[in-house]
Amino acid sequence: MFTVSGPEEDGESGQTMRGVVGGTRLFGRFTLQKVLGRGGMGVVWLAQDERLDRLVALKLVPESISFDASAQEDLKRETRKSLLLTHPNIVRIFDFVEDEHSAAISMEYVDGATLSSLRVKKPNKCFEAQEIAPWVTSLCDALSYAHQSAKLVHRDLKPANLMVNSRSELKITDFGIACTLRDSMSYVSVRTSSGTLNYMSPQQLLGEDPSHSDDIYAVGATLYEMLSSKPPFYGGDVASQVREVIAPTISQRRAKLGIKGASIPKYWEETIAACLAKEPEKRPRTAADIARRFRLGGTVRLGELKSGPTLNFAELFSAFREKTRAIDSRLATLAGGTMALIAALIIVFHHPKSATSDFAATKTVAPASQAASRSRSSHQEKQSILTVPRTLAYATEKSDAVTTAPPPPPSTKTVSVEPAANADGGASVPSPANRENATIILNTTPPGASFAVYAGVIAGKSLPQAAPLRSGTAPDSIADVPPGRYTLFFHNDGWPDDRAEVSVSAGESVPVDYTFPHGSATVSSTPDGAEIFLGTRSLGKTPLTIDLPLGKQKLVAKMPDLSDRSQLVTIDSASIATVNFQLRPQSHSSHAKSTPTPPSTFGKIGQSLKHVFGGKEPTPAARGRRSN
C-alpha cells in the first residue's frame, strides 16, 4: 500500500518472517513482488493472489504474534470486523491467512502514497487548507460510515494510515488492525511502538475503552500536522502534553517554524482546536459535524435512517397460513379470518395519518398554561404576521420552554404538540413525549437565527410546500423528535440562508452547532466608544472584533455630537479585515453655515466712510443706518 523503497530487512522487520524475498510464494496462493511499506507492526508486500487473480497488499504480521495464540485470535477477531467495512474511502480487507509458520492479512492494493510522504514533498513540508479539503470530505464521510453504520472505531488514525491513490482518492488503511497489532505486541514483547502517541487522545493514553471521540481527536491531530508540518505535540514528554497542554494555533505554529503561505481560515482553526479538546464532550460529536464546521462540499454520510418498528400484515398472514396448513381447513379459514379482522382493527386504530401529519403540522414548544388554549387558527394567524424571506418561507416562533432531554423530568413547562381538530370540531389532546424519541439541542453562530426542521433529507436550499415539522429561533432545544434523519434550514438577517442535516437515534440528545459562513473584522474608532451598525443592527462599541457575512458589508459608526461615518469593507474567511473610523465634531459644519456672508464687507466700507466724513452717514441713507 505504500510506495516506499528500501532494504528488505531492517531492525523493525527482523521480527517478520526472516528470509522472505521477492518471488517467494506464501500460503499456497500469494507470490510476493515488492515491498510497499514496513514498520514495527509488520512488512507490507505487493503480491499476486493466484486464487483470485489480482494484485493485493499482503501485510505479514510479526512472528511474535504468529506464535502467540491469544494475540493471533485478537487479530483474527479484528480482521473479521473489518471485513464488514465496504466504503470507497476505506481499504478493503479480503482475508486473514495463516500456516504453521506465519500469518498475514490480505487487503486492497492502493497505487499511491501516504499523506505523510506526500506532505514531506511539499516545499513548506505542509499543505494549504484548500489542497486537503477534498480529502477531508472523504475522510469524514468514511468515518461517519464506520462509526454510525458499522459501529467500528479505527483507534490509530494518522497521516501514515491515510493514502491517496493515482486518482487522488483518499483511502483509510488498517482500520482497527494496527491498533490490535500494537496492543498484542505490548503483551508478548518488550518492544512497543510509540509512533502514534502524537495522535492519541488523553482518554486513549489512559487506556479507556475505545470511543468515536478518540478518532475525532486523531483527525484533529492529523490535520494539524498536515497544515503545520508537525503534530500538536512532538517533543519532550508528549504524553503529559497531550493530557495537560493546549496546543498553539496552527498559525502560531507556522509562524514559529517560519512557514509562509495562505492564511488558515478561522473556522478551520476553530474546528481543529475543538477536535483536540481534552474532554470528549467538547469535541465535535461526529465526523459529519467536522465536515459541516469545515463547510465542505459534497455529501457527508450521516447515520442510517432508523425507522420505527412496522407491521407487515402480508408477511404475518403468510407465516400464519404456513403454520396452520396441517390444521383442518375450516379451522384455518376461521383463524385466517380472525387474523384479517385483527389486522383491520390495527389499521383503523393505528391511522397512517400520524406518520405523515408530522410533515404538515408545526410542532412548537410552549408553556403548559398556553398549550390548552392555542388552536390551529391562532397559530396560522401568528404565522401570517411574521416577516420571512422569499427563499426561506417558513414562519418562526420563539420558544420560552425549559430545555429538557428525553425523558423530560417533571416541570412546570411541558412539550406540547399543536392539537389537531377532531371530527366534531374539538381539539384532540396531545400525547405525552415519547421516551423513545430524541432531543436536538440547536445553537447557531451568530445566535438568533430562525430555523425550520423537516423530516428526511431535502436537497438544495429551497423549502418544500409543506409546513415544517418544527420551527423557532436558536438557541433552542427541540424535544420529542422521532428517530431518523432531518434537514434543518437556517435564516439570519444579513446572512445567506443555509441548511444542514442531522441523524438522531432513540433516547439520545444531539447537539447541533451551526456556524454561518463568515469572516472577521477588527473595528476601531477615534475617539473610542463609537457604536457600530450593520444595517439597523448594532454590533457593539469600539474597539471590537466582530464576525460578519462574507462579501462587501457597509458598516456605520455613530457617536453623540459627532458626525456619522460609514465604510465599505470586504469580508473573507481567510483573513481578518481592519476598519478604522475617524469621527469629527458636528459643530464644525454648523459654524461654517452661520459665518457672515459678503454683507459684512459693505459693513466695513460703511464704517470707513463714517470715519472719513466725520460721522456722516454714507448714501444710501437706509444702508448707512443699518451699518450703525
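The values are calculated or read from the model by the stated rules, or taken from the named source; none is laboratory data. What you see is a predicted model, and the numbers here were worked out from it, not measured in a lab. Cβ coordinates were reconstructed from backbone atoms using ideal geometry, including for glycine residues, and neighbour counts include every protein chain displayed. Ligands, DNA and RNA are excluded from the accessible area calculation, which covers all protein heavy atoms including side chains. Shrake-Rupley method; radii C 1.70, N 1.55, O 1.52, S 1.80 Å.
What residue among I105, V120, Q72 has its Cα farthest toward the positive end of the dipole of the range 72-123, where the charges are +1 on Lys, Arg and -1 on Asp, Glu, each on the Cβ?
In the range 72-123, that residue is V120.
Multiplying the sequence separation of Q130 and K76 by 0.36 nm and subtracting their Cα-Cα distance, what value in nm do you get? Present the calculation step by step, with values, prior to reporting the outcome.
Working: separation 54, 0.36 × 54 = 19.44 nm, distance 3.92 nm.
15.5 nm is the gain from fully extending Q130 to K76.
Set the Förster radius R0 to 51 Å, insert the Cβ-Cβ distance between Q567 and L197 as r into 1/(1 + (r/R0)^6), and round the FRET efficiency to 0.05. Spell out each step's value before the answer.
Values: r = 50 Å, r/R0 = 0.98.
The formula returns an efficiency of 0.55 here.
For the charge dipole of the range 453-588, defined by +1 on Lys and Arg C-beta atoms and -1 on Asp and Glu C-beta atoms about the Cα centroid, which residue among T526, P464, Q586 has the Cα displaced farthest towards the positive pole?
Comparing the listed Cα positions along the dipole, Q586 ranks first.
State the extension gain, in nm to one decimal, for the chain segment bounded by I342 and N165, taking 0.36 nm per residue of separation less the distance between their alpha-carbons.
Details: separation 177, 0.36 × 177 = 63.72 nm, distance 5.80 nm.
Separation in residues times 0.36 nm, less the Cα-Cα distance, equals 57.9 nm.
Ordering I576, I172 from largest to smallest accessible area (1.4 angstrom probe), what's the sequence? Show your work: numbers first, answer last.
Working: I576 110, I172 0 Å².
Heavy-atom accessible area, descending, gives I576, I172.
So which of K171/K230; K256/K552; K282/K541; K121/K278; K59/K81 end up more than 27 Å apart by C-alpha? Kindly include the intermediate steps, with their values, before the conclusion.
Details: K171/K230 22 Å; K256/K552 33 Å; K282/K541 31 Å; K121/K278 32 Å; K59/K81 17 Å.
Cα-Cα > 27 Å for K256/K552; K282/K541; K121/K278; rest within.
How much length would be gained if the chain were fully extended between K278 and S505, taking 0.36 nm per residue of separation minus their Cα-Cα distance, in nm to one decimal? Mind showing how you got there, number by number?
Values: separation 227, 0.36 × 227 = 81.72 nm, distance 2.59 nm.
Answer, rounded to one decimal: 79.1 nm.
Rank P517, S503, S477 by how far each Cα sits towards the positive end of the charge dipole of the range 473-566 (+1 on Lys, Arg Cβ; -1 on Asp, Glu Cβ) and give me just the farthest.
Farthest towards the positive pole: P517.
Could you report the accessible area of K558 in Å², rounded to 10, computed with a 1.4 Å probe on the protein chains as they sit in the structure?
K558 exposes around 90 Å² with every protein chain in place.
Applying 1/(1 + (r/R0)^6) with R0 = 45 Å to the Cβ-Cβ distance of E270 and L55, what FRET efficiency is obtained, to the nearest 0.05?
Working: r = 42 Å, r/R0 = 0.94.
With a Förster radius of 45 Å, E is 0.60.
Modelled label-to-label distance, S538 and R584, 7 Å Cα→beta-carbon offset: nm?
Between S538 and R584, the simple spin-label model gives 2.7 nm.
I need the shape label for the range 82-145. Rule: rounded when a/c is under 1.5, else prolate if a/b > b/c, else oblate, with a, b, c from the alpha carbon gyration tensor. Could you put the intermediate results ahead of the total?
On the way: a/c = 4.08, a/b = 1.72, b/c = 2.38.
Oblate is the answer for the range 82-145, as a/c is 1.5 or above yet b/c matches or exceeds a/b.
Over the heavy atoms of K278, what accessible area does a 1.4 Å probe trace out, to the nearest 10 Å²?
30
Which residues among the range 44-58 fall inside the zone where the amide N is under 19 Å from a point 7 Å beyond the Cα of V21, along Cα→Cβ?
Once the point is set 7 Å along Cα→Cβ of V21, 44-48 turn out to lie under 19 Å by backbone N, inside the range 44-58.
Taking R0 as 22 Å, what's the FRET efficiency between K552 and S575 from their Cβ-Cβ distance, rounded to 0.05? Walk me through the numbers on the way to the answer.
Working: r = 15 Å, r/R0 = 0.68.
Using R0 = 22 Å, I get an efficiency of 0.90.
Ranked highest first by average number of other Cβ atoms within 10 Å, how do 524-531, 445-452, 476-483, 128-135 line up? If you can, show how the numbers build up before the last one.
On the way: 524-531: 15.2, 445-452: 19.5, 476-483: 22.5, 128-135: 17.2.
Sorting 524-531, 445-452, 476-483, 128-135 by mean packing, highest first, produces 476-483, 445-452, 128-135, 524-531.
Keeping every protein chain present and rolling a 1.4 Å probe, give me the accessible area per residue for the range 189-290 in Å².
43
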